[in-house]
Amino acid sequence: MTRIIAGAARGARLEVPGSGTRPTSDRVRESLFGSLGSADAIQGARVLDLYAGSGALGLEALSRGAVGVDLVERGRAAAGIVRRNAAAVAKAGGLALARVHEGAVHPFLLRCASTFDLVFTDPPYDLDDTAMTADLVALAPLLSPDAVVVVERAKRSAAPAFAAAGLEPLRDKVYGDTAVYWATPR
């Protein structure tokens with residue numbers, strides 16, 4: 001079972017889609033959010049969670065003080081779970097309801113007019129490097145000047161092509177089979 005780790009909705013249970021998603025482990029989420037908190041990247045942030053799955057990353061940010069969260073998930077069943085999870089977190093923490101967008105990530109990025117301070121992109125491990133780079137290029141104009149972009153990929157995958165999107169790598173860390181990369185606009 002997945003739960004919100006900390007913040008206003010701490011302990012809220014999250015449903016996880018049965019197939020087609022790969023939830024970020026509690027260990028990775030705890031480490032990631034500890035680092036983001038230390039970098040003062042969550043409080044008051046406008047958050048975008050791409051390939052949301054269960055919505056755990058964006059909803060954890062909401063629980064910890066983000067002012068708004070947009071969650072993008074293509075799978076119909078998974079998007080339904082994200083909606084239920086968003087409602088549960090809002091209720092548990094007395095928080096604003098996160099916005100759920102059902103549809104593919106790349107078209108969403110091309111039509112989006114919002115600006116974001118913190119972005120999680122946790123695509124399926126089989127998303128090829130060309131598609132990952134295209135998403136980063138489409139994402140770049142939506143970033144605030146001090147935004148943080150966090151990309152989660154398989155350890156065996158190539159590092160994201162941040163330079164192609166005008167992003168500067170900040171750090172990376174490997175957790176078992178998962179690699180997490182941070183970047184910011186140049």
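The numbers here are math on the coordinates, done by the rules we state, and not lab data. This structure is a prediction, so every number in the text was calculated from the model and none was measured. Please note: Cβ atoms are built from the backbone with ideal geometry, for glycine as well, and neighbour counts cover all protein chains shown.
Packing-based ranking of 171-177, 78-84, 90-96 yields 78-84, 90-96, 171-177, ordered from highest to lowest mean Cβ neighbour count within 10 Å. Rounded to the nearest 20, the Cβ-based charge dipole of the chain about its Cα centre (Lys and Arg +1, Asp and Glu -1) stands at 520 debye. Considering amide H positions built from the backbone, and no H for Pro or chain starts, which residues 5 or more places from residue 71, or on another chain, come under 5 Å of its amide H? Excluding prolines and chain starts, which carry no amide H, the hits are 49, 99, 100, 101.
Dividing the mean sequence gap of close Cα pairs (under 8 Å, 6+ apart) by how many residues the chain holds gives a relative contact order of 18 percent.
Under Stokes-Einstein, with the Kirkwood radius over Cα pairs as Rh, the value for the stretch 9-122 at 4 °C and 1.567 mPa s is 93 µm²/s.
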